[in-house]
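Heads up: the structure comes next, in structure tokens.
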Amino acid sequence: MLPTPSQTVGPFYGYALPFPGGGEIAPAGHRDTVAVHGRVLDGAGEAIPDALLEVWQPAPDGSRTGAPGSLRRDPVTGGFAGRDGVTFTGFGRVATDADGHYSLRTLAPGGVPYLSVCLFARGLLHHLFTRIYLPGADLAADPLLASLEPGRRGTLLAAEEAPGTYRFDLRLQGPEETVFLDFN
Amino acid sequence: MPPTQQSISEEIAREHEAYARAGSVRHHPDRGYAPYRSSLLRHPRQPLVAVRDPEAVELSGPAFGVTDVTELDGDLTRRHTGEPLGERIVVTGRVLDRAGRPVRGQLVEIWQANASGRYAHQRDQHPAPLDPNFTGAGRQLTDDQGTYRFTTVKPGAYPWRNHTNAWRPAHIHFSLFGTAFTQRLVTQMYFPGDPLLPYDPILQSVTDDAARARLVATYDHDLSVPEQSLGYRWDIVLDGPAATWIEEGR
């Protein structure tokens, strides 16, 4: 069957898609929590204040089944109840702020050294996939990183700013344009 | 000075001609589509890098369940104390993968303007009234046949600033998950017969006529509820490989 075409997420998704705790993928207070943050920038180097990042990753044990409960609802008020504080759902969703900045708190994935990212924004007619590679793991063995020109490989590598805190900027265009991926 | 509708329409026509000349089918918009001005600095110029790794994490995807939605989330007309203004409609259809198989138990999210064409969003300040009885966001899990069903009101058209006198045709935003993250889709559903469709650079960014037609719902009189609502049907086909496709030797 022929696919339904993509359209931009537009500027007004803010009351529908983001949810409280969307970037808190790690169970609350988990001692192995790492923070990943950065900015989303356009071809002029300006902040994109209306981008939406989704992250999907294996659990620390390598499981890729995910778990429900990212958007857990409160049946009393109809609002969001937040995650249950225990379950690792593997899914996060976070909008950029006025400065184009996002932040996530998660656990390092098992079996692979990367977080999968799907990026949406006003002005972006079709979402983009990329990956955030965390340092420390065995990056040399990764087939995607190995296939990239050295000059572009660095755009997928998060930088360790402090123990457990990683920086990863996404540049949609320009000399340091992030590597974006095609799975079709 | 912002461009006129006439100059944007001429650009749209040139893009359609260029697509026809190129002669290959393209289902999704080109991310760099100049008539939609906001795309200019927000699309990559480097080609995407192909990933053909059968172990890629993106061939699996997030799971959602009964904790993630409430029954009322599918009815956008019952979220406040009073009745929203506007023409009440049901929008329903099936979510399928490219092999035609239903996408079961996955999350469908929608958002839209109210009947006057105003979003419940601080950035939308155009002079159409907000409706205290309508927010315009809903979510649902697909059933075993891949079916979703929302009750809402028909959204209004609204102006935007792409060019002088730019108006978006009435539309409902949809966000969909498949069994794999690669199948993720965010799109917009349009209404049949809307006179604004040819003027809109966002819809027209889908330069393939048949693909563009797949973004327009069908009016279905059998879906109407007597004395209550009219109905539209819109089926959605998710692109992208899933782990099951690899197993089948795709």
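Quick notes
- Residues listed by number, the stretch A:96-110, amide nitrogen under 12 Å from B:GLN122 label point at 7 Å toward C-beta: A:98
- Part-to-part distance (alpha-carbon centres) for the stretch A:1-23 and the stretch B:35-71, which is given in Å: 11 Å
- Label point distance in nm, A:GLU149-B:GLN6, each placed 7 Å from Cα along Cα→Cβ: 4.4 nm
- Over the Cα atoms of the protein assembly as shown, the radius of gyration divided by the Kirkwood radius equals 0.95; this is the Rg/Rh ratio.
- Of the GluC sites (Glu not before Pro) found in the stretch A:1-68, those in coil by DSSP whose Cβ has at most 13 other Cβ atoms within 10 Å are A:GLU46.
- Using R0 = 51 Å, the C-beta based FRET efficiency linking A:LEU139 and B:ASP143 works out to 0.75.
- Alpha-carbon Debye profile of chain B, log10 I(q)/I(0) at 0.07, 0.08, 0.14 Å⁻¹: -0.27, -0.35, -1.08
- Taking all Cα pairs closer than 8 Å and separated by 6 or more residues, the relative contact order of chain B comes to 26 percent.
- Using a cutoff of 8 angstrom between alpha carbon atoms and counting only pairs six or more residues apart, the relative contact order for the stretch A:1-100 works out to 38 percent.
- For the protein assembly as shown, the antiparallel share of DSSP beta bridges with both residues in that region comes to about 75%.
- Efficiency of FRET from Cβ geometry, B:ARG104 and B:LEU230, R₀ 25 Å, rounded to 0.05: 0.35
- Where the stretch A:1-156 is the region considered: accessible area per residue in Å², 1.4 Å probe: 35 Å²
- Residues whose amide H comes within less than 5 Å of that of B:VAL216, counting only those at least five positions distant or on another chain, are B:TYR190 (H built at 1.01 Å from N in the peptide plane).
- Residues whose amide H comes within less than 5 Å of that of A:GLY38, counting only those at least five positions distant or on another chain, are A:TYR102, A:PHE168 (H built at 1.01 Å from N in the peptide plane).
- In whole percents, the pair-distance distribution calculated for the stretch A:118-184 from its alpha-carbon pairs, binned every 5 Å from zero, is 3, 15, 25, 25, 18, 11, 3, 1.
- Residues of the stretch B:218-234 with an amide N closer than 18 Å to a point placed 7 Å from the Cα of B:GLU83 along the Cα-to-Cβ direction: B:224-231.
- DSSP-loop chymotrypsin sites (Phe, Trp or Tyr not before Pro) across the stretch A:70-174, with at most 14 other Cβ within 10 angstrom: none
- Amide H partners (placed H, <5 Å) of B:ALA115, local residues excluded: B:GLY156
- Between the stretch B:162-221 and the stretch A:53-98, the Cα center-to-center distance that results, in Å: 28 Å
- If you run the Gaussian network model on chain A, springs between alpha carbon atoms under 10 Å, then out of A:GLY62, A:GLY43, A:GLY151 the most flexible one is A:GLY151.
- Backbone geometry of the stretch B:178-188 corresponds, through the Karplus equation with coefficients 6.51, -1.76 and 1.60 at θ = phi - 60°, to 3J(HN,Hα) couplings of x, 7, 10, 4, 4, 8, 3, 9, 10, 8, 9 Hz, x marking Gly and Pro.
- Every helix of 4 or more DSSP H residues in chain A counts as -39500 (n - 2.57), and over all residues that averages to -1000 deg cm²/dmol at 222 nm.
The values are calculated or read from the model by the stated rules, or taken from the named source; none is laboratory data. Quick caveat: nothing in here was measured; it's all calculated off a predicted structure. When we count neighbours, we look across all protein chains shown, and the Cβ atoms used for this are built from the backbone with ideal geometry, even at glycine. Surface areas here come from the heavy atoms of the whole protein model, side chains and all, with no ligands, DNA or RNA. Shrake-Rupley method; radii C 1.70, N 1.55, O 1.52, S 1.80 Å.
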